Amino acid sequence: MKNISEKTFSTGEFAKLLEVNKDTLLYYDKIDLFKPAGTFDNGYRYYTFDQLDQFVAIQLLRAVKLPIKELKTYFDAPNTYTLQQLAMQQQEKVAREIQKLQDIQFFLERTVTLTKEMEEISFGKVFVQQLPAEPVVYSDEKIDWSVLTEEVYEQSTRFLKKLGVKSTAAYGIVYAKEDFLNKESVNVSYLFCRLDDPSAKMKPAGHYAIIYHQGSYDDISQTYHTLLTYLEQEQLALDGDIYEEYLLHSIAAKEEKDYITKISVKVKPREASHQPL
């Protein structure tokens, strides 16, 4: 009985073993990239187990778009040092591709989550929901919304780029409770993003009053009025920062009148009738 290393495979058998098209082996043979181990007396090509690792390596390097010319150059005179350098170069390239795929995955996951949430929205109604703690990142500086739009856009862009997130991340603005209650500071807020990052702080678990605003941001004051009226009626007080979160906006709606903004704030029962919101 032959040793397993001496076992031979026809072109079709080897292609099946590697789960590739037979034409791939014929093409690689034609361009002198990966040739059969030999030829039988009847003229048929054959391959061996010893060639498996080489073929797999070729396929993996081809998958990261390493040019055939470079592959041929290496396999014409393979050696440990050149192999190490080749692997290190491609490792960096693969890391970049992985990051791109992770960004795509994040985008798809957030899109699914937000579109499902948007299916259940009731506008103009406040509801209270128990939410778990979650990490959020605040911008280092506050945003003054009374300045030019271009300046606000630059600050927002810097914040998101610093975090390495895309526009479909769960992000928006957050008013510190003290600023929100201080009418003179109502145009000043931080940017925030839901992100598990070393710079994140924990948004506390608890009961949150939530309301959705549909339409232009210029009209959002009426939605806040509805929220505060509800808290007054239900004897609830603000117990944390106020979050405005933008739900997909321009990729989910063509016109600004259909944009959706989610407002949420942690609340608690008022201890006394004279206690402010």
Convex hull per residue volume in Å³, alpha carbons only, for the range 1-158: 298
Convex hull projection area averaged over all views, the chain, Cα basis, nm²: 23.8
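Considering only Cα-Cα distances, which of the following residue pairs are longer than 27 Å: 93/254; 142/162; 125/177; 177/201; 177/254; 7/65?
From the list (93/254; 142/162; 125/177; 177/201; 177/254; 7/65), the Cα-Cα distance tops 27 Å for 93/254; 177/254; 7/65.
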Low-density loop cleavage sites - trypsin sites (Lys or Arg not before Pro) in the range 69-132, where at most 15 other Cβ are within 10 Å (DSSP): 125
DSSP-loop trypsin sites (Lys or Arg not before Pro) across the range 173-277, with at most 15 other Cβ within 10 angstrom: 254
Of the chymotrypsin sites (Phe, Trp or Tyr not before Pro) in the range 107-145, those whose Cβ has at most 14 other Cβ within 10 Å and which sit in DSSP loop: 123, 145
Cross-link reach list, aspartates and glutamates versus residue 72, counting only Cα pairs under 12 Å and skipping chain neighbours closer than eight places: 29, 32
Residue with peak Gaussian network fluctuation, the chain [Cα springs, cutoff 10 Å], from 209, 133, 37: 37
Heavy atoms of residue 80: accessible area, 1.4 Å probe, square angstrom to 10: 120
Positive-end residue, the range 105-156 charge dipole about Cα centroid, Cβ charges, pick of 121, 135, 106: 121
Solvent-accessible surface (1.4 angstrom probe) belonging to residue 250, in square angstrom, nearest 10: 80
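State which stretch of the chain is the longest one without any exposed GluC sites (Glu not before Pro), exposure meaning a DSSP loop state and at most 12 other Cβ atoms within 10 Å.
The longest such stretch corresponds to 142-254.
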Value at 222 nm in deg cm²/dmol, rounded to 500, when DSSP H runs of n ≥ 4 in the chain each add -39,500 (n - 2.57): -13000 deg cm²/dmol
Protein accessible area in the chain, 1.4 Å probe - carbon and sulfur %: 52
Probe 1.4 Å, protein heavy atoms only - accessible area per residue of the chain in square angstrom: 63
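The values are calculated or read from the model by the stated rules, or taken from the named source; none is laboratory data. This one's a predicted model, so the numbers in the text were calculated from it and none came from an experiment. We place every Cβ from the backbone using ideal geometry, glycine too, and count neighbours over all the protein chains shown. Keep in mind that these areas ignore ligands, DNA and RNA; they rest on the heavy atoms of the full protein, side chains included. Shrake-Rupley method; radii C 1.70, N 1.55, O 1.52, S 1.80 Å.
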